[in-house]
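So the structure is just underneath, and the comments pick up after that.
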Amino acid sequence: MTLRFLIGILTVIFIQGIGQTQKPEFAPGARYDSRMPTLKQVTGHEPAERVTPPEEIIRYLKALSDAAPDRTRVVKYAETWEGRELYALIVANPDRIRRLDQIKTGLQQLAAPGSLSSGEVERLIRELPVVVALVHGVHGNEISSGEAAMAEAYHLLAAQGDSRVETIRREAIVIIDPMQNPDGRARFVFQNLLGQAATPDPEPASAEHDEPWPGGRSNHYLFDLNRDWFAQTQPESQGRVKFLLEWMPHIVADLHEMGGNSTYYFPPGAEPANPFMTRAQSGWLDAIGRENAARFDERGFLYFNREVYDAFYPGYGVSWPMAQGAIGMTFEKASARGLIFRRSDGSSLTYRDGAVEHFTAAISTAHTAAINREKILRDYLEFRRTAGEGETKAWLLPEGNDPGQTRRLIRTLINNGIVIERAEEAIRISGRTLPAGSYIVHLPQPAGMLARNLLDQHIPMNEAFLKIQEERRRKRQPDQIYDTTAWNMPLLNDIECIASTSPVSVRSRRLTAADVTPDEQNRPILTDAQVGYAWQWGPTAAGATIEALREGLVIRFVSQPFTVGGRRFDNGTAIFRVADNGLELKSRLAAIAARHGISVTRIDSAFVPEGISLGSNQVVRLKLPRVLLAWDSPTSSLSAGWARYVIERRYGQPVTAVRVSSLTRIDLSRFDVLILPSGNYASALGAEPLRRIRDWVNGGGTLITIAEASRWATREGINLLGTNLELRGGAPESPAVAERPVQRSNPLNPAEYSDLIQPSREQPELTPGAILRVQLDTDHWLTSGTDGEIQALVESTRIFSPIKLDKGRNVGIYAVIDRLRASGIVWPESMTQLPQKAYLIHQPTGQGQVIAFAEDPNYRAYAEATQFLFINAILLGAAY
């Protein structure tokens with residue numbers, strides 16, 4: 001080896017080493033006010049030197065606010081299940097901070113411009129700042145955005161002689177939400193530190209990068225908070241939406257991370273776009289994208305647009321603000337999932353890289369908004385004036401059979417900023433009369449685009465995009481649909497929603513959320529009953545019944561219709577006998593009814609002229625079930641979290657979550673119900689634990705399987721569920737059969753060639769998140785409280801053959817083909833194969849039973865109709 005060659009090698013190594021260790025600056029050449037505290041002064045470490053835990057992020061933002069009280073305000077907007085507080089930092093110039101409440105009032109006026117005069121409009125446009133909301137870390141393990149948030153706040157407050165920052169200070173208010181999911185971030189930081197090596201390890205498979213179940217992405221109940229914006233099932237979402245509805249930002253950037261081998265994404269976004277996005281919004285996304293691209297080009301950062309990330313589903317942090325008139329956008333940066341990550345090409349990605357690039361995109365976006373303040377405000381105003389215009393002029397929602405459930409939906413819509421009124425007189429529409437008390441959603445209205453997204457039965461996708469997906473399917477390539485294609489709230493709540501093509505003009509009153517929230521002080525006046533009291537079954541009654549059981553009341557249940565005292569009760573009634581519960585029953589029941597907003601009927605005679613007698617053996621006594629929920633790997637963390645939330649928070653039913661690995665040692669006889677969330681238990685539950693579960697079911701236990709757990713239960717050697725899954729075309733999943741050779745021409749014609757390359761055995765077509773109708777067997781106790789048809793969210797390839805009559809009952813089957821699709825995309829092959837296949841199966845086994853759901857009934861905890869079937873399986877399953 002020559003000396004020159006050796007020097008050359010060393011030079012290359014030296015240069016590469018510099019390139020790999022050189023730290024990118026957040027703002028090269030920036031000068032900062034020394035009076036503003038740095039991150040190191042507050043926390044003891046430099047920016048991106050380590051993954052900053054949640055409490056230190058908040059401590060630093062508060063320190064910045066303390067140092068600049070005339071230019072900031074810290075606002076607490078929520079508290080997580082685990083007790084962590086969520087804050088936003090508002091940054092503005094001193095004059096605006098002094099007048100912040102006045103400005104907020106002006107922003108509210110601009111957001112509801114219907115009564116504004118042209119002079120008032122011009123004054124608001126002239127005086128109001130553009131509001132830019134930078135929201136970070138909705139997924140707890142997407143860590144670099146939290147670091148960027150601190151850098152953004154410091155830069156906006158401390159930078160000196162920076163013309164871009166001066167423009168932002170002059171024209172904008174910037175709201176920095178540093179982390180939307182502190183519980184998930186805390187979980188990630190703990191696991192990362194637990195696995196951390198002496199020096200940061202870039203190996204992707206190393207312990208510090210390899211998160212154990214459930215990972216840090218989700219919140220305490222393992223929800224993906226970036227799917228919860230309109231459903232608002234979680235406190236983080238509830239608080240954030242309420243806060244944003246107060247400030248009505250015009251720009252919302254939601255900062256995320258993606259796989260470590262990628263680069264950086266910012267808009268314009270991928271198809272399909274939400275069809276209600278306006279041309280102006282699309283234009284602003286392009287303009288902001290171009291400005292961000294210019295800043296990234298200056299710094300040599302890689303990026304991409306128009307791929308992967310769409311804004312079709314309105315429950316994202318990008319699309320919910322869009323539906324309110326803002327310009328919403330997602331930023332995605334490749335994640336180091338720690339301090340340093342080795343990419344597949346051998347290069348290194350650091351935590352600091354992510355923080356710097358997020359900072360760059362965020363500041364660039366705020367600057368673009370600032371220099372376009374007036375035009376952005378005018379476009380926003382026009383959106384809020386015309387939102388929801390179209391053929392539909394109003395939606396009408398009668399209270400229905402379960403007024404409490406309807407009020408729950410109305411409350412959710414109001415909490416999304418949608419204006420809803422209650423009719424004070426009857427409404428005539430399409431030859432029928434809706435009673436006073438029905439709810440009205442008028443259009444247009446400022447939140448009309450979100451209202452249409454949530455109430456229109458079907459949200460259409462771009463036809464050109466769908467044609468591309470058809471071609472990809474033909475080639476057996478995965479589709480490019482990023483998330484579910486349907487989410488209609490009335491369908492998923494099984495609540496009637498009637499579209500009116502004419503304006504509805506009746507005497508009505510605008511509602512607040514408090515108007516449709518149960519009030520414990522508003523107790524019903526119950527008079528003494530000879531026999532007892534009853535309430536009709538439904539989701540509201542189920543929650544009230546569980547509370548009554550927890551309070552020790554004795555409850556009897558009738559699953560079939562009956563008439564007593566001139567009142568007909570449909571399938572499902574809870575009965576409280578005075579003889580069972582004592583003289584205090586009336587007051588105790590009134591308190592429970594008030595807390596749940598449920599009607600109570602007095603029963604003075606147990607004589608039943610029609611239907612099941614109240615003393616029949618078919619009337620069962622309910623008990624508070626002892627429920628066991630499988631937890632940890634191999635369960636789907638989403639499925640397990642949804643189930644736990646629905647059981648213990650939505651319905652108030654106690655549940656014990658036990659890790660699957662501990663099912664081998666727990667005493668199953670202490671429980672009435674075992675729930676297996678979606679997951680493949682083949683390697684986790686071997687012969688011995690499987691035998692114990694079988695023996696427990698045979699002895700009287702209720703086993704509930706969900707989605708992939710139901711698939712596992714049908715497998716050969718498991719045999720917990722006596723039916724089969726189907727392959728594409730309807731053949732059962734069973735050992736492969738050798739194919740018989742087929743005589744073909746030579747050369748093959750196109751049809752023969754196409755046939756030749758088709759897989760002989762493949763899974764059914766994926767249904768990409770559609771709402772399908774399910775026909776229910778109303779003679780079965782599992783369907784108590786339903787009217788015989790519900791809608792279910794279907795997002796899988798699972799198709800279960802109906803169980804044979806000698807093995808069980810098909811309590812729910814998908815509707816016939818012309819009734820099947822209620823909303824969303826269903827591919828033609830699925831449209832022909834899914835009808836009349838099993839959705840809900842009940843299989844008696846010994847003295848116990850297996851209840852199997854083909855899909856997850858607790859999907860995102862907003863599929864209320866199927867959640868109700870799930871709680872029936874738990875509560876009534878323990879009694880039947």
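Relative contact order (percent) for the stretch 311-383, with alpha-carbon contacts under 8 angstrom and 6 or more residues of separation?
20 percent
Tell me the Kirkwood hydrodynamic radius of the stretch 756-879 in angstroms, computed as one over the mean inverse distance between distinct C-alpha pairs.
15.0 Å
If R₀ is 56 angstrom, what is the calculated FRET efficiency for the pair ARG306 and ILE666, using the beta carbon separation as r and rounding to 0.05?
That gives a FRET efficiency of 0.65.
Between LEU116 and ARG474, 0.36 nm times their residue separation minus their Cα-Cα distance comes to what?
Contour length minus the Cα-Cα distance gives 123.5 nm.
With a point put 7 Å past each Cα toward its Cβ, work out how far GLU82 is from PHE190 in nm, to one decimal.
Result for the modelled spin labels: 0.5 nm.
Can you grab the distance from the C-alpha centre of the stretch 574-635 to the C-alpha centre of the stretch 108-137, Å, no decimals?
52 Å
Can you tell me the Rg and Dmax of the stretch 234-385, counting just the alpha carbons, in angstroms?
Looking at the stretch 234-385, its Cα Rg and Dmax stand at 15.9, 53 Å.
According to the Cα gyration tensor, what semi-axes, each the square root of 5 times an eigenvalue, does the equivalent ellipsoid of the stretch 554-637 have, listed from largest to smallest in whole Å?
In descending order the semi-axes read 30, 18, 13 Å.
Restricting things to alpha carbons, find the Rg to Rh ratio for the stretch 220-288 using the Kirkwood radius for Rh. Please list the in-between numbers first.
Numbers: Rg = 14.7 Å, Rh = 14.7 Å.
My calculation puts Rg/Rh at 1.00.
Helix 144-158 sits at what angle to the longest principal axis of the chain, using alpha carbons and giving 0 to 90 degrees rounded to 10?
Roughly 50 degrees between the two axes.
If you find the alpha carbon centre of the stretch 331-395 and of the stretch 838-880, how far apart are they in angstrom?
The stretch 331-395 and the stretch 838-880 have Cα centres spaced 41 Å from each other.
With everything on Cα atoms, drop me the angle between helix 100-111 and the longest principal axis of the chain, reported from 0 to 90° to the nearest 10.
60 degrees
Given a cut-off of 20 Å, what percent of all Cα-Cα pairs of the stretch 201-320 lie beyond it?
The proportion of pairs with Cα distances above 20 Å equals 56 percent.
With a point put 7 Å past each Cα toward its Cβ, work out how far LYS62 is from ILE125 in nm, to one decimal.
In this crude label model, LYS62 to ILE125 measures out at 4.3 nm.
Structure shown: which of LYS76/LYS393; LYS62/LYS333; LYS242/LYS393; LYS475/LYS837; LYS40/LYS104 lie over 29 Å apart, alpha-carbon to alpha-carbon?
Too far apart for the 29 Å limit: LYS76/LYS393; LYS40/LYS104.
Bin width 5 Å, alpha-carbon pairs only: give the P(r) of the stretch 401-515 as whole percents, running from 0 to the bin holding the largest distance.
Calculated P(r), rounded to whole percents: 2, 10, 17, 20, 17, 10, 7, 6, 6, 3, 1, 0.
Distance from a point 7 Å along Cα→Cβ of THR263 to each backbone N in the stretch 359-380: keep the residues under 16 Å and list them by number.
The answer is 361, whose backbone nitrogens lie closer than 16 Å to the label point.
How much accessible area per residue does the chain have, counting only protein heavy atoms and a probe of 1.4 Å, in square angstrom?
Here the residues of the chain average 41 Å² of exposed surface.
Could you sort THR105, THR635 by their accessible area in this structure, using a 1.4 Å probe and putting the largest first?
Working: THR105 75, THR635 10 Å².
Descending order: THR105, THR635.
Measure nothing but the geometry: give the 0 to 90° angle between the long axis through the Cα atoms of 403-415 and the longest principal axis through the Cα atoms of the chain, rounded to 10°.
10 degrees
Picking from ALA369, ALA514, LEU782, whose Cα lies most toward the positive end of the charge dipole for the chain (charges on Cβ: Lys, Arg +1; Asp, Glu -1)?
Of the options given, the answer is ALA514.
Taking every Cα atom in the stretch 275-333, find the radius of gyration and the maximum pairwise distance Dmax, and write them in Å.
Considering the stretch 275-333 through its Cα atoms, Rg and Dmax are 12.3, 35 Å.
Compute the label zone of ALA205 within the stretch 683-703: residues whose backbone N is under 19 Å from the point 7 Å along Cα-to-Cβ.
none
Report the far tail of the P(r) of the stretch 701-834, meaning the percent of Cα-Cα pairs longer than 25 Å. Mind showing how you got there, number by number?
Working: 3424 of 8911 pairs.
When every Cα pair of the stretch 701-834 is considered, 38 percent fall beyond 25 Å.
What percent does the relative contact order of the stretch 220-361 come to when contacts are Cα pairs within less than 8 Å and at least six residues apart? Don't skip to the answer; put the middle values down first.
Working: 223 pairs, mean separation 46.8, N = 142.
RCO, the stretch 220-361: 33 percent.
Could you please state how large a percent of the accessible area of the stretch 802-843 is carbon and sulfur, counting protein chains only and using a 1.4 Å probe? Walk me through the numbers before you get to the answer.
Working: 990 of 1830 Å².
Within the stretch 802-843, the accessible surface is 54 percent carbon and sulfur.
How many angstrom lie between the C-alpha centres of the stretch 485-513 and the stretch 424-482?
12 Å
Return the ratio Rg/(2.2 N^0.38 Å) for the stretch 350-438, where Rg is computed over Cα atoms only.
Ratio of Rg to 2.2 N^0.38 Å for the stretch 350-438: 1.83.
More than 17 angstrom separation, counting every C-alpha pair in the stretch 463-552; what % is that?
78 percent
Using only the alpha carbon atoms of the stretch 496-647, find the Kirkwood hydrodynamic radius as the inverse mean reciprocal pair distance, in angstroms to one decimal.
18.0 Å
Quote the Stokes-Einstein diffusion coefficient, in whole µm² s⁻¹, for the stretch 432-471, based on the Kirkwood radius over alpha carbon pairs, a temperature of 10 °C and a viscosity of 1.306 mPa s.
It diffuses with D of about 120 µm²/s by this estimate.
Normalising by the residue count of the chain, find the relative contact order in percent from Cα pairs under 8 Å and 6+ residues apart.
Over the chain, the number comes to 10 percent.
Which values, in whole Å and largest first, are the semi-axes of the equivalent ellipsoid of the stretch 146-220 obtained as the square root of 5 times each eigenvalue of the Cα gyration tensor? Display every interim value, and only then the final one.
Details: eigenvalues 245, 52, 13 Å².
Semi-axis lengths for the stretch 146-220 are 35, 16, 8 Å.
Regarding the chain, what's the average projected area of the Cα-atom convex hull, expressed in nm²?
On the way: hull surface 183.5 nm².
Projected over every direction and averaged, the Cα hull of the chain covers 45.9 nm².
Is the C-alpha gyration tensor of the stretch 634-728 telling us rounded, prolate or oblate? Criteria: a/c under 1.5 is rounded; beyond that, a/b larger than b/c is prolate, otherwise oblate.
In terms of gyration-tensor shape, oblate.
For the chain, what is the mean residue ellipticity at 222 nm derived from helices alone (per DSSP H run of n ≥ 4: -39500 (n - 2.57); sum divided by total residues; nearest 500 deg cm²/dmol)?
Here the helix-only value at 222 nm equals -10000 deg cm²/dmol.
The values are calculated or read from the model by the stated rules, or taken from the named source; none is laboratory data. Note that the coordinates shown come from a computational prediction; the quantities given were computed from them, not determined experimentally. Here the Cβ is made from the backbone with ideal geometry for all residues, glycine too, and neighbour counts use every protein chain on show. Remember, those area values only see protein heavy atoms, side chains included, never the ligands or the DNA or RNA. Shrake-Rupley method; radii C 1.70, N 1.55, O 1.52, S 1.80 Å.
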